[in-house]
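Step one of this worksheet: look at the structure below.
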Amino acid sequence: MADKILMNKNTLAALKHELKGYKTALPVFEMKEQQLKKVIRSIENTVTRLKKAIEQTNNEVKSWAAVMAEETIDLTSLVTVSDFKTKTREVAGVVIEQFETISFKEQDIDYLLTPLWVDAAIQVIEDQKTNQEMLTLEWKNLESVREELAEARRMKNALKEVFIPETQNNIRKIEIYLGDVERLAIGCAKLVKKKKQLKNEVV
């Protein structure tokens, strides 16, 4: 808002209209802030759950990883993600991605010539990769929602601490000024009337 304002009724009306808009917008951003906080808590809970699941699987695999290491099969390339599909949804004005499906491409292996645990290993790897892909997705969602929350807070604070107070202050200044002008005009009118009366009495 400019430092200098026109001290007239048109400006006063415009400022009152702006103030009404600011006061309407403020609760919207306050509500949005609360909604985004809830979304963040939900995503953080999902991130925590996925991290625990990945860590738990890692700990469980350690017990038979030594046996697997003795074989000649390269477990790192045994399974790869071929497709990871998501769908988008809007929450409190921010678009986030939601896991839908995941597909894997398995390395061609001869199960007759490989140990029995390979089949179980494939399932573990797929579960682990699924959780890791979902974790990456949720981290991305969390970043997006946090950015939106920061913007909502900036708007809320700007309205509450800058726009509304400044507009109210300018309205008050104009009202005081117009009140002074009106009183001055009334005083001048009375003075002119009194002078006319005196002139008439002299004549």
**Report entry** Proximal charge balance of Ile171 [Cβ under 13 Å; K/R count +1, D/E count -1]
**Finding:** +3
Query raised in the report: Order of Tyr22, Tyr177 from fewest to most other C-beta atoms within 10 Å?
Result: Tyr177, Tyr22
**Report entry** Extension reserve of the Ser42-Gln128 stretch, reckoned as 0.36 nm per residue once the Cα distance is removed
**Finding:** 28.8 nm
Query raised in the report: Order of Lys52, Lys4, Lys160, Lys32 from fewest to most other C-beta atoms within 10 Å?
Result: Lys4, Lys52, Lys160, Lys32
Query - Per-pair calculated FRET efficiency, R0 = 35 Å: Ala185 and Val28 via Cβ, rounded to 0.05 - result: 0.25
Query - Using θ = phi - 60° and Karplus 6.51 cos²θ - 1.76 cosθ + 1.60, couplings along region 132-138 (whole Hz; Gly, Pro as x) - result: 5, 5, 5, 5, 4, 4, 5
Report summary line: Sorted by chain and number, the residues with a modelled amide H under 5 Å from that of Val91, at a separation of 5 or more or across chains, are Ile96
Query raised in the report: Can you pull the three principal axis extents for the Cα set of region 9-193, in Å, largest first?
Result: 118, 26, 18
**Report entry** Candidate lysines for bridging to Lys140, where Cα separation is under 18 Å - those fewer than 8 sequence places away on the same chain excluded
**Finding:** Lys37, Lys38, Lys51, Lys85, Lys87, Lys129
Query raised in the report: Taking the Cα centre of region 124-196 as the origin and placing charges on Cβ (Lys, Arg +1; Asp, Glu -1), which of Leu184, Thr130, Leu142 is farthest toward the positive end of the dipole?
Result: Leu184
Report summary line: Assertion target for Glu106, Glu138, ordered by fewest C-beta neighbours within 10 angstrom first, is Glu106, Glu138
**Report entry** Point-to-point label distance, Val118-Glu90, nm (Cα→Cβ direction, 7 Å offset)
**Finding:** 5.1
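The numbers here are math on the coordinates, done by the rules we state, and not lab data. None of the values given here were measured: they were computed from a predicted structure. Neighbour counts are summed over all protein chains in view; Cβ atoms, including those assigned to glycine, are modelled from backbone coordinates with ideal geometry.
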